[in-house]
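Let me begin by presenting the structure, written as structure tokens, before commenting on it.
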Amino acid sequence: MVIDFKQLLAFFIICISELSFLFLTIIYFPAFSSILVQYFNVLGMQNQSSPVLINMLGGAIVFSLFFGFVLCSKVCTNSGVLSHTARYELLSSNKNSSWENENLGHLHLIPSDDHTWSTLIPRKMLREEEDELSWNILYRKIKNSGRASGVGVGFLKEVSLHDVRLEPNSIHGVAQQTNLEYLLMLDVDRLVWSFRKTAGLETPGEPYGGWEAPDIELRGHFVVLTFGIMLMNEVAYLFFGLIDMGHYLSAAAQMWASTHNADLKEKMSSVVSALSDCQNKMGTGYLSAFPSELFDRFEALQEVWAPYYTIHKILAGLLDQYTLDSNAQALNMTTWMVDYFYNRVQNVIIKYTIERHWLSLNEETGGMNDVLYRLYIITGDQKHLLLAHLFDKPCFLGLLALKADDISGFHANTHIPIVVGSQLRYEITGDPLYKEIGTFFMDVVNSSHSYATGGTSVSEFWSDPKRLASTLQTENEESCTTYNMLKVSRHLFRWTKEMAYADYYERALTNGVLGIQRGRDPGIMIYMLPLRPGGSKSRGYHGWGTKFDSFWCCYGTGIESFSKLGDSIYFEEEEKDLGLYIIQYISSFLDWKTGHLVLSQRVEPVVSWDQRLQVTVTISSNKQAEGTSSTLKFRIPLWTYSDGAKASLNGQDLSFPAPGNFLSITKSWSRSDEIILNLPFGLRSEAIKDDRPQYASLHAFLCGPYILAGLSSGDWDIKIESHSSLSSSITPIPADYNSHLITLGQEFENSVYVLTNSGNLIKMGKYPEPGTDSALKATFRLIIKKPKLKTSFTARDAIGEFVMLEPFDFPGMLVLHNGEDENLGVSDSSLDYGKDSFVFRLVAGMDGKDGTVSLESESQKGCFIYSDFVYDSGTSVRLNCSSSSSDVGFQQATSFLLKDGISKYDPISFVAKGVRRNFLLAPLLSLRDESYTVYFNTSM
């Protein structure tokens, strides 16, 4: 057997807690010890001390692994099976002790009381407390201290958010502006209320609610994420300050860099100042919205809700304030906080063992390793590097180092940030093991645990690999996981320049981030993205959040996501040849300072009737020295195809590379140089990641990077012709169809009621809010029976014509009558009901008023669509014939306000042939409260 002892060393260090390595540890311990001796000699350590330390380390490994094997079935845990949602429920309600014992008793699957751990490693092995501290120092020295030589060479460099501006009217620009409006709504005193309370300062104003309420342990995460239980008078008071102060500080810093909004800068500076007052008042460096006693419980392995998760958010927020706003006060606060927690972790290791510290990482710690690596890059302080290493959860990273797809059952968003941190470890130390970990993790999630949207997780956890068909429900794709998976893919692309990572970033951003806002409503976001047939963003355990009383973890990551939409459009390469990578096609402006160019990127809106992405990049300013050249590299996505693809420079065609490559243009750029890309795309389907034969027919449909959702309350049987292209079964909505959409209403007692398709019966209902199922059902497409008009006619142009009414969300169905005094219904136009039953003549309103119309049956002259003025119970609409044209009541009941359709076709809309009905397909990101289906059964 050939052994790479260098890899073996890394193997043992990262997997020190993993019981699966027990026998390898015993077999190869002599070789392992020999390697350690060599390392210690290189480090110049005294020969007499190294055997003691080697034996101590090796003994710790063997004993901890052996006893772990004997005493538990799964060493690496993640707070049992309780999600954040379940914890919030528990801590915000009065559960009895038996319920707690039943549901919380299994949270730490490894024995955790002091006596158990004190017997695992004999005290004589540790000798004195100083020996454990010496091990701590040794651990730091074994790791690659500082940035390894040559690390980062070839990595793409980030372009500062300060240098990127989004086009305000683009979909990304509108989303960013909506988020900015929300950040400006939030009040400083309310944000810091729990921090001031914890510090013993005055607390003007009222605290926010939801996860930021003062009785919630996770409070402070939004301002900074936190969660704890405080026993007072033997009553458990729950502290859950989760308005993500940390998330807010990060989002505000990113938004400030993206917009330079002066009001936001003033607000975020006030928050930093207020937090500094809290930290100074406590005087230890500690800063949080909950008391430090929560960390006593954390270190004692008692139940507590993720205190380090919140601390990570605070540290990251303060660090972003420093890096993006040059706020030196924020950096000082960060280092003081880290000193405090360095001492706490050191004390745990001295008092117990390093194993004990790693055991505590079974509680969620967020991205502590990531933020500490970031801090080390700034400070170069070895303490920061050591502490970052100590938050690399070895039992989880060890699984990935072994390339084992064994992530099922783990809480997804507990562990993705750990991988993100390990990626930064690779960038700092150059240790290839961590590059392999990040690469393998991305491969595993994408191949076995991701939905077509790019998102992952069900009820916050990873399910069994390639078994996703059984997971489609309301609690899919936690928004936080998408936020963090984007970070993973971003690192990988910067290292490798591989197209698959850029394509993934585009897919997840487009479908998993842009759609979590509720249109232009500031501060209304979702926690989960439902994927069950007939699901809706508004229905589920959480539904839409509220501006001031939700503050879930996904609110925190949400406000960050929409504050940094410009951070991955451009990357630069500072090698021998200066280059700029344009990897996301988002309308924007870039001041490329390194390249001395200012350029604009304009992306034409994508439409279903002309399936191509057109991108125009224009050089608007050139500050390059004469004769200096640079290279622009344009991503050619994997979803495009060569046939029909074009690229031109100043009107001259360029050679076009195959999809999955970059189009590189090197020249000395001039003002007004213009590059135009035309990237064609077609419809394609993607099977759900499930290898069971009975689910092979479940497919999602995409148009370029856009996931198409069918407007459906649960139907999912779609008809795909075998041996034919998707375009024969799925056809685009023409450009002019929005002008044909109408809503018919009547006024009654200062309210407007509208014709509505209710279960294939036409009734009157209250005027609905746009973006709802009711709005869909109150919208109809006007179809001219024998068109004499131009295709771009408006509804009013059709007065006097014979028309048919097609329900907006049931393409191919038509409104029909069944004779005089019979209720109007909706039916398939291909069925034999008598074709005239679907046809009405659109005439000016019988009441003679401006803006009204009436609909007369073609087959029964003098009979009109008629509504009684009784709307309480959804009165059915019928065909009524009057013997007197002067009947005022009849005239009113047959006259309807002609309004533009409440719902509109998205520009990327299609009609898909179904088995029992057809489906209107639209981008998932465009939907608000409507019911939809993402995965369809294509076997029918």
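Note on segment 841-857: among residues that are of a type outside the set (D, E, K, R) and part of a loop (DSSP other than H, G, I, E, B), the one that is surrounded by the fewest Cβ atoms within 10 Å (Cβ to Cβ) is Gly848.
Only one residue in Phe298, Phe290 is aromatic (Phe, Trp, Tyr) and in a helix (DSSP H, G or I). Which one? That would be Phe298, the only listed residue that is aromatic (Phe, Trp, Tyr) and in a helix (DSSP H, G or I). Of the residues making up segment 159-175, those that are within 15 Å of Gly519 (Cα to Cα) and either aliphatic (A, V, I, L, M) or crowded, with 22+ Cβ neighbours inside 10 Å (or both) are Ile171, His172, Val174, Ala175. Where strands (runs of 3 or more DSSP E) fall wholly inside segment 665-753, the ranges with 2 or more residues that are of a type in the set (D, E, K, R) and out of contact with any Cys (no Cβ under 6 Å at 6 or more places or on another chain) are 683-687.
Could you list all residues from segment 368-381 that are under 18 Å from His357 (Cβ atoms) and either surrounded by fewer than 21 Cβ atoms within 10 Å (Cβ to Cβ) or at pLDDT below 95 (or both)? Result: no residue meets the conditions. The set of residues in segment 769-786 that are surrounded by fewer than 21 Cβ atoms within 10 Å (Cβ to Cβ), touching a Ser or Thr at 6+ places or on another chain (Cβ under 9 Å) and not in a helix (DSSP H, G or I) comprises Pro770, Gly771, Thr772. I'm trying to understand the selection: among the residues of segment 494-504, which are assigned to a helix (DSSP H, G or I) and either on the phi > 0 side of the Ramachandran plot or surrounded by fewer than 23 Cβ atoms within 10 Å (Cβ to Cβ) (or both)? Scanning segment 494-504 gives Arg494, Trp495, Thr496, Met499, Ala500, Tyr501, Asp503. Yes or no: segment 466-479 includes at least one residue that is of a type in the set (A, V, I, L, M), surrounded by fewer than 24 Cβ atoms within 10 Å (Cβ to Cβ) and in contact with a Gly (Cβ under 6 Å, 6 or more places away or on another chain). No, the conditions are met nowhere in segment 466-479. Regarding segment 585-599, can at least one residue be identified that is closer than 27 Å to Ser729 by Cβ, assigned to a loop (DSSP other than H, G, I, E, B) and in contact (Cβ under 8 Å) with a residue 60 or more places away in the chain? There is no residue in segment 585-599 that is closer than 27 Å to Ser729 by Cβ, assigned to a loop (DSSP other than H, G, I, E, B) and in contact (Cβ under 8 Å) with a residue 60 or more places away in the chain.
Would you say Ile416 is more than 18 Å from the chain's Cα centre (by Cα), crowded, with 22+ Cβ neighbours inside 10 Å, β-branched (Val, Ile, Thr) and at pLDDT 95 or above? Here the answer is no, as Ile416 does not meet what is asked.
Put simply, of Thr453, Thr439, Thr414 the only residue that is outside the structural domain of Phe701 (by TED's automatic domain parsing), in contact with an Asp or Glu (Cβ under 7 Å, 6 or more places away or on another chain) and not in a loop (DSSP other than H, G, I, E, B) is Thr414. Within segment 295-311, residues that are farther than 19 Å from Tyr352 by Cα have Cβ atoms under 6 Å from residues that are β-branched (Val, Ile, Thr) and not in a helix (DSSP H, G or I) in these pairs: Tyr308/Thr365; Thr310/Val224; Thr310/Thr226, counting only partners at least 6 apart in sequence or on another chain.
Can you find a residue that is at pLDDT 95 or above, among the aliphatic types (A, V, I, L, M), part of a helix (DSSP H, G or I) and surrounded by fewer than 19 Cβ atoms within 10 Å (Cβ to Cβ) anywhere in segment 328-343? If you could, list the steps in order and put the result at the bottom.
Going residue by residue through segment 328-343, those that are at pLDDT 95 or above are 328-343.
Within this subset, residues satisfying the condition of being among the aliphatic types (A, V, I, L, M) are 328, 330-331, 333, 337-338.
So of that shortlist, the ones also part of a helix (DSSP H, G or I) come out as 328, 330-331, 333, 337-338.
Narrowing further to those that are surrounded by fewer than 19 Cβ atoms within 10 Å (Cβ to Cβ): 328, 331.
Yes: segment 328-343 contains one or more residues that are at pLDDT 95 or above, among the aliphatic types (A, V, I, L, M), part of a helix (DSSP H, G or I) and surrounded by fewer than 19 Cβ atoms within 10 Å (Cβ to Cβ).
Residues that are closer than 21 Å to Pro522 by Cβ, assigned to a strand (DSSP E or B) and at pLDDT below 95 do occur in segment 204-222, at least one of them. Considering only residues in segment 600-611 that are within 26 Å of the chain's Cα centre (by Cα) and touching a residue at least 24 places away in the same chain (Cβ under 8 Å), the one that is nearest to Arg671 (Cα to Cα) turns out to be Gln601.
When each of Arg520, Arg490 is tested for being basic (Lys, Arg) and either touching a helix residue (DSSP H, G or I) at 6+ places or on another chain (Cβ under 6 Å) or at pLDDT below 95 (or both), the lone residue that passes is Arg520. Which one is nearest to Ala175 (Cα to Cα) among residues in segment 539-566 that are in a loop (DSSP other than H, G, I, E, B) and at pLDDT 95 or above? The qualifying residue nearest to Ala175 (Cα to Cα) is Phe562. Can you find even one residue in segment 871-894 that is at pLDDT 90 or above, under 27 Å from Phe748 (Cα atoms) and of a type in the set (Gly, Ala, Ser)? Checking segment 871-894: at least one residue is at pLDDT 90 or above, under 27 Å from Phe748 (Cα atoms) and of a type in the set (Gly, Ala, Ser).
Going by the conditions given, is Arg671 in contact (Cβ under 8 Å) with a residue 40 or more places away in the chain and either under 29 Å from Ala469 (Cβ atoms) or assigned by TED's automatic domain parsing to the domain that holds Lys913 (or both)? Answer is no for this residue. Does any residue of segment 794-810 turn out to be within 25 Å of Ser538 (Cα to Cα), charged (D, E, K, R) and either buried (at least 19 other Cβ atoms within 10 Å of the Cβ) or modelled with pLDDT under 90 (or both)? Checked segment 794-810: at least one residue is within 25 Å of Ser538 (Cα to Cα), charged (D, E, K, R) and either buried (at least 19 other Cβ atoms within 10 Å of the Cβ) or modelled with pLDDT under 90 (or both).
Answer yes if at least one residue in segment 573-584 is crowded, with 20+ Cβ neighbours inside 10 Å and within 20 Å of the chain's Cα centre (by Cα), and no otherwise. For segment 573-584, residues crowded, with 20+ Cβ neighbours inside 10 Å and within 20 Å of the chain's Cα centre (by Cα): present. Asn369 meets the conditions (1) in contact with a Phe, Trp or Tyr (Cβ under 7 Å, 6 or more places away or on another chain); (2) of a type outside the set (Ser, Thr, Tyr); (3) outside any helix (DSSP H, G or I) in every case but one. The failed one is (3). For segment 252-264, the count of residues that are of a type in the set (D, E, K, R) and assigned to a helix (DSSP H, G or I) is nonzero. Just name the residue that is farthest from Leu161 (Cα to Cα) out of those in segment 554-596 that are among the acidic types (Asp, Glu) and in contact with a helix residue (DSSP H, G or I) (Cβ under 9 Å, 6 or more places away or on another chain). It comes out as Glu560.
The values are calculated or read from the model by the stated rules, or taken from the named source; none is laboratory data. Just so it is clear, the structure is predicted and the values come from calculations on it, not from any experiment. Here the Cβ is made from the backbone with ideal geometry for all residues, glycine too, and neighbour counts use every protein chain on show.
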